[in-house]
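Here is the structure we will look at, set down as C-alpha cells.
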Amino acid sequence: MSIEPTPIDADLARYIRDHAWGRDDAVRQVEKETAELGDLVIMQTAPEQAAFLEILIRLGGAKWAIEVGTFTGYGAIRIARGLAEGGKLLCCELDPERAAIARENLDAAGVGERVEIEVGPAIETIRALPEEPTFDFAYLDAEKTGYPDYYEELVRRMNPGGLLAIDNVFMSGRTLSPEDEGAVAVAGLNDRILADDRVESVMLGMADGLTLVRRRDA
C-alpha cells in the first residue's frame, strides 16, 4: 500500500514553523538578525529542524558534538542546549566574520561556555582531530561539494550509536536530476549512505531534506 504524503505548501510550512518548540527570545533575535541579511537567510537552519535536532540530542543523551557550517550560530544554539551536562560542541566555520557573529549569539543565548568555534576550512579542522570515535552527534550543513569528504571524516569519528544529521539532501529537488556540481555531490552521497554497511539511515522530508545517519554499534 502506498501512502502519499501531504503536500507542504507555503501556508502549511508557516504553520509547521510557528509550532516549533523552543523559540525563546534569544533564538528569535537570531532569526530576526539573520533575516536582515537578505538572501543569505536561506543558509539558516529551519526553526522546526533546529527544534527537532535539539530533541534528538536530548533523547540520545549526547555529550560531544560537532557542527560543520555554523553561519550565525542558530543551529549551534539548539545543539548546545540539547547536550548532556558537561557536554561540548565544536563548531567549524570558514568565515571569521560569521564566526564572530555566531560567538556573540551563542553567548547571548547562554551556551557560549559549551561551544568552541574553529575558524578555517572545516575539512582541515576535522582531519586534525584524532581519527578515533569521539562524537555522539554531528550536524553537517556546509558547502555541498564537500559533503562526501565531510561524511567520510565524520563517520569514522562517530561513537557507536552516534548520530550524524545531514542537511539539504534534496538540494531544492535538484538531487532528482542532478546537473550542478553541488547537487551531483549530494545525490552521490545520498546513494552512498544507503549502501554503507557501517551505518543505518533515514531520509526525512523536513525543510530541504534531512538525513539521519546512525553509526552502527561495534
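The values are calculated or read from the model by the stated rules, or taken from the named source; none is laboratory data. What you are looking at is a predicted structure, and each value in this text was computed from that prediction instead of being measured. In this analysis, Cβ positions are derived from the backbone assuming ideal geometry, glycine residues included, and neighbour counts consider all displayed protein chains. Ligands, DNA and RNA are stripped out before the accessible areas are found, and what is left, the full protein with its side chains, is counted by its heavy atoms. Shrake-Rupley method; radii C 1.70, N 1.55, O 1.52, S 1.80 Å.
Would you please put 171-180, 103-112 in order of how densely packed they are, using the mean number of other Cβ atoms within 10 angstrom per residue and starting with the highest?
103-112, 171-180
Around Ile117, which amide H atoms from residues at least 5 apart in sequence, or from another chain, sit under 5 Å from its own amide H, with H modelled in the peptide plane?
HN-HN under 5 Å from Ile117: Cys91.
Excluding ligands, DNA and RNA, what is the solvent-accessible area per residue of the chain at a probe of 1.4 Å, expressed in Å²?
It amounts to 51 Å² per residue over the chain.
Of the beta bridges DSSP finds with both residues in the chain, what % are antiparallel, to the nearest 5?
35
How large is the Kirkwood hydrodynamic radius of the stretch 58-123, in angstrom, based on all distinct alpha carbon pairs?
It is 11.5 Å.
Which value in nm describes the separation of the simple spin-label points at Val202 and Lys32, placed 7 Å from the Cα toward the beta carbon?
Distance between the two pseudo-spin positions: 3.6 nm.
Which value in nm describes the separation of the simple spin-label points at Met43 and Ile55, placed 7 Å from the Cα toward the beta carbon?
2.9
Sequence neighbours fewer than 8 away in the same chain don't count; with that in mind, list the aspartates and glutamates whose C-alpha is under 15 Å from Lys63.
Partners found: Glu54, Glu85, Glu113, Glu116, Asp136.
Please sort 152-164, 42-54 by packing, taking for each peptide the average over its residues of neighbouring beta carbons within 10 angstrom, highest first.
Listed from highest to lowest mean packing, they are 42-54, 152-164.
For the stretch 60-218, what relative contact order do you get, as a whole percent, if you take Cα pairs closer than 8 Å and at least 6 residues apart?
20
Calculate the spin-label point distance for Arg17 paired with Glu104, positioning each point 7 Å from the Cα along the beta-carbon direction, and give it in nanometres.
In this crude label model, Glu104 to Arg17 measures out at 2.3 nm.
What percent of all Cα-Cα pairs in the stretch 77-161 falls in each 5 Å bin, counting up from 0?
Histogramming the stretch 77-161 at 5 Å steps yields 3, 13, 24, 24, 21, 12, 3 percent.
Rounded to the nearest percent, how much of the accessible area of the stretch 156-195 (1.4 Å probe, protein heavy atoms only) is carbon and sulfur?
54
With +1 on each Lys and Arg Cβ and -1 on each Asp and Glu Cβ, and nothing else charged, work out how big the dipole of the stretch 7-103 is about its Cα centre, in Debye to the nearest 20.
Value, rounded to 20: 420 debye.
With a 10 Å radius around each residue's Cβ, average the other Cβ atoms per peptide and rank 130-142, 191-203, 61-73, highest first.
Put in order of decreasing packing, that is 61-73, 130-142, 191-203.
Tally up the carbon and sulfur contribution to the accessible surface of the stretch 1-139 as a whole percent, 1.4 Å probe, everything protein left in place.
Carbon-and-sulfur percentage of accessible area, whole number: 55.
Taking the convex hull of the alpha carbon atoms in the stretch 92-217, what volume per residue do you get, in Å³?
In the stretch 92-217, the Cα hull volume divided by residue count equals 117 Å³.
Looking only at Cα atoms, what is the convex hull volume of the chain per residue, in Å³?
Considering the Cα atoms of the chain, their hull volume per residue is 137 Å³.
With +1 assigned to the C-beta of every Lys and Arg and -1 to the C-beta of every Asp and Glu, and no other charges, what is the dipole magnitude of the chain about the Cα centre in debye, to the nearest 20?
The dipole of the chain has a size of about 660 debye.
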